[in-house]
Amino acid sequence: MSESRLRTLSIEFAVKILDLVKDLKSQHETIVSNQIGRAGTSIGANIHEAQYAHGKSDFIAKLQIALKEANETSYWLELLLKTNYIDAARYRAVNDACSQIRVMLIKSINTAKTSQIS
């Protein structure tokens, strides 16, 4: 998949995260909602920043940060499920979208690293 597909998915994911944060705040949950809001929206921000990277190393670094943020987001989602702030269906929907982005990020990072070496 192309980088533009990754950017599109990251924006769609950020919208899901912001909707989730709104729902959490309506339940008066603020601790995890703030954390997942930052991590979940940071994924797309770093993917977008990578578009204007200062060379291949900077590009890879931005995507690696996005990957770390995606892993953190997955942690917060699991915590929300285990504390009954979200149900299993919502967890699966949001976490599956996060997993899809992680897979694409890993592929993009590996491709960039391979082309950097060549």
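Couple of notes before you dig in:
- A single member of K82, K107 is of a type outside the set (D, E) and under 19 Å from S4 (Cα atoms), and it is K107.
- Scope region 1-11; condition assigned to a helix (DSSP H, G or I), surrounded by 12 or more Cβ atoms within 10 Å (Cβ to Cβ) and in contact (Cβ under 8 Å) with a residue 60 or more places away in the chain; matching residues: E3, L6, L9, S10
- Screening Q35 on (1) under 17 Å from Q100 (Cβ atoms); (2) in contact (Cβ under 8 Å) with a residue 24 or more places away in the chain shows it passes everything except condition (1).
- Of all residues in region 41-90, those being under 18 Å from the mean Cα position of the chain (by Cα) and of a type in the set (D, E) number 4.
- The number of residues in region 91-108 that are among the small types (G, A, S) and over 11 Å from the mean Cα position of the chain (by Cα) comes to 2.
- Scan region 72-94 for residues that are surrounded by 13 or more Cβ atoms within 10 Å (Cβ to Cβ), out of contact with any Gly (no Cβ under 6 Å at 6 or more places or on another chain) and polar (S, T, N, Q) and the total you get is 1.
- Residues in region 51-70 that are in a helix (DSSP H, G or I) and free of Cβ contacts under 8 Å to residues at least 40 places away in the same chain: 7 in all.
A short reminder: the numbers here are calculations on the coordinates, not readings from a lab. Keep in mind that what you see is a predicted model, and the values were worked out from it rather than measured. Backbone-built Cβ (ideal geometry, glycine too); neighbour counts: all protein chains shown.
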